[in-house]
Amino acid sequence: MEMRRDIFQAIADPTRRAIIALIALQAMTPNAIAEHFDTSRQAVSKHLRILAECELVSQAHKGREIHYQLKIDKMKEIDQWLEQFRKIWEDRFDNLDQLLAKMQEK
């Protein structure tokens, strides 16, 4: 049984997060991406394959080259998941602000 990868597996690896940051600005070839890392072209290709399986990147063929670009809409899944925690954090910070204000009054 093959498990489907999800977006959180894609961002779990620091190299993949760095690749995402690189291609968020502009589409790049695997060789251009690999130049930014102290790793093999094959390792970068593996990371790109995982990002593609998670539907975070798309490929555009330009002549004989393949350019990878970020599918920014897919990043919304991460934001939506984090949103549930954002409310908790904001509530805790508000409670801390209130506590500090009370302490300063005394």
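Data overview
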read-out: Single residue of the range 90-106 satisfying the filter (over 34 Å from the mean Cα position of the chain (by Cα) and in a helix (DSSP H, G or I)) that is farthest from Phe8 (Cα to Cα); value: Glu105
read-out: Selection from the range 63-89 of residues that are closer than 30 Å to Asn31 by Cβ, more than 13 Å from the chain's Cα centre (by Cα) and surrounded by 10 or more Cβ atoms within 10 Å (Cβ to Cβ); value: Glu65, Ile66, His67, Tyr68
read-out: Qualifying residue in the range 51-60 (condition: at positive phi, free of Cβ contacts under 8 Å to residues at least 60 places away in the same chain and in contact with a helix residue (DSSP H, G or I) (Cβ under 8 Å, 6 or more places away or on another chain)); value: yes
read-out: Among (1) modelled with pLDDT under 90; (2) not in a helix (DSSP H, G or I); (3) not small (Gly, Ala, Ser), the one test that Lys87 misses; value: (2)
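Conditions (1) among the β-branched types (Val, Ile, Thr); (2) in contact (Cβ under 8 Å) with a residue 40 or more places away in the chain; (3) out of contact with any His (no Cβ under 7 Å at 6 or more places or on another chain), marked per residue:
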| residue | (1), (2), (3) |
| --- | --- |
| Tyr68 | no, yes, yes |
| Phe85 | no, no, yes |
| Ile88 | yes, no, yes |
| Leu100 | no, no, yes |
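The values are calculated or read from the model by the stated rules, or taken from the named source; none is laboratory data. No experiment lies behind these values; they were computed from the predicted model shown. So basically every Cβ, Gly included, is an ideal-geometry build from the backbone, and we count neighbours across all protein chains shown.
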